[in-house]
Amino acid sequence: MLDVLKRIVRGGVLTEPVPPAADAGAEIERLQAAVLEVLGRALCIRHVDAGSCNGCELEIHALNNPYYNLEGHGVRFVASPRHADLLLVTGPVSVNMEEALRRTHAATPDPKLVVAVGDCGACGGVFGESYASRGAVSRVIPVDVTVSGCPPAPLAILQGILAATRGRPAAVTR
């Protein structure tokens, strides 16, 4: 135990600083206002993991924690693409997930929005294109917004969702 404490004292704090609370609160309120303006109801998101390493999924799950509390602001994740307004796609599209992603996109009712999350979803990332990977999500289905980062911060994902609901094709960087 003493060795661990010595290493902590020598190394210092190794975590990232906590983002300012005002940034997240303002983004969430803008998202809620945009969702109500565009849809007039809650925004339903279907998350699709097209072959990622799960780094982006951890950041997406953080959006539902008490700090961001998307569910309390009218944004919720749904299990079926038939109930979704927005597809949140992570990872490079693997060959085995290509058809499933196309079917999920086809099952989502119009007007549908697609947000590609992470460097892998935006351009294929470190996996690129190969015999097992189709690369970027935009090579398989049309994408409205890309959120870069490996993995992107929850606030960047939130900004990407906000950009998609406003109808602005964009690339969000952290």
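The residue pairs whose first member lies in the stretch 153-168 and is under 19 Å from residue 54 (Cα atoms), whose second member is of a type in the set (Val, Ile, Thr) and at pLDDT below 85, and whose beta carbons are closer than 6 Å, counting only pairs six or more residues apart or on different chains, are 156/172; 160/172. For the stretch 106-116, name all the residues that are within 16 Å of the chain's Cα centre (by Cα) and not charged (D, E, K, R). Correct list: 113, 114, 115, 116. Residues in the stretch 124-155 that are under 20 Å from residue 61 (Cα atoms), among the aliphatic types (A, V, I, L, M) and at pLDDT 90 or above: 2 in all. Of the listed requirements (1) among the hydrophobic types (A, V, I, L, M, F, W, C); (2) closer than 30 Å to residue 67 by Cα; (3) in contact (Cβ under 8 Å) with a residue 40 or more places away in the chain, residue 116 misses just one: (3).
Residues that are free of Cβ contacts under 8 Å to residues at least 40 places away in the same chain, within 19 Å of residue 45 (Cα to Cα), over 12 Å from the mean Cα position of the chain (by Cα) and part of a helix (DSSP H, G or I): does the stretch 126-139 have at least one?
The answer is yes, given that some residue of the stretch 126-139 is free of Cβ contacts under 8 Å to residues at least 40 places away in the same chain, within 19 Å of residue 45 (Cα to Cα), over 12 Å from the mean Cα position of the chain (by Cα) and part of a helix (DSSP H, G or I).
Does residue 8 count as among the hydrophobic types (A, V, I, L, M, F, W, C), modelled with pLDDT of 70 or more, part of a helix (DSSP H, G or I) and surrounded by 12 or more Cβ atoms within 10 Å (Cβ to Cβ)? Against the criterion (among the hydrophobic types (A, V, I, L, M, F, W, C), modelled with pLDDT of 70 or more, part of a helix (DSSP H, G or I) and surrounded by 12 or more Cβ atoms within 10 Å (Cβ to Cβ)), residue 8 does not qualify. Please indicate, with yes or no, whether at least one residue in the stretch 76-96 is of a type in the set (Asp, Glu), closer than 18 Å to residue 30 by Cβ, assigned to a loop (DSSP other than H, G, I, E, B) and touching a residue at least 40 places away in the same chain (Cβ under 8 Å). Checked the stretch 76-96: at least one residue is of a type in the set (Asp, Glu), closer than 18 Å to residue 30 by Cβ, assigned to a loop (DSSP other than H, G, I, E, B) and touching a residue at least 40 places away in the same chain (Cβ under 8 Å). Scanning the stretch 82-118 for residues that are surrounded by 21 or more Cβ atoms within 10 Å (Cβ to Cβ), farther than 22 Å from residue 53 by Cβ and touching a Lys or Arg at 6+ places or on another chain (Cβ under 9 Å) returns 84, 85, 86, 108.
Residues in the stretch 148-162 include none that are part of a strand (DSSP E or B) and surrounded by fewer than 20 Cβ atoms within 10 Å (Cβ to Cβ).
From the list 121, 167, pick out the single residue that is touching a strand residue (DSSP E or B) at 6+ places or on another chain (Cβ under 9 Å), surrounded by 15 or more Cβ atoms within 10 Å (Cβ to Cβ), within 27 Å of residue 28 (Cα to Cα) and at pLDDT below 90.
121
Being of a type in the set (Asp, Glu), surrounded by fewer than 21 Cβ atoms within 10 Å (Cβ to Cβ) and without any contact (Cβ under 8 Å) to a residue 12 or more places away in the chain is true of residue 71.
The values are calculated or read from the model by the stated rules, or taken from the named source; none is laboratory data. The shown structure was predicted, so the numbers you read here are calculated from the model rather than taken from an experiment. Quick reminder, even Gly has a Cβ in these numbers, built from the backbone with ideal geometry, and neighbours come from all protein chains shown.
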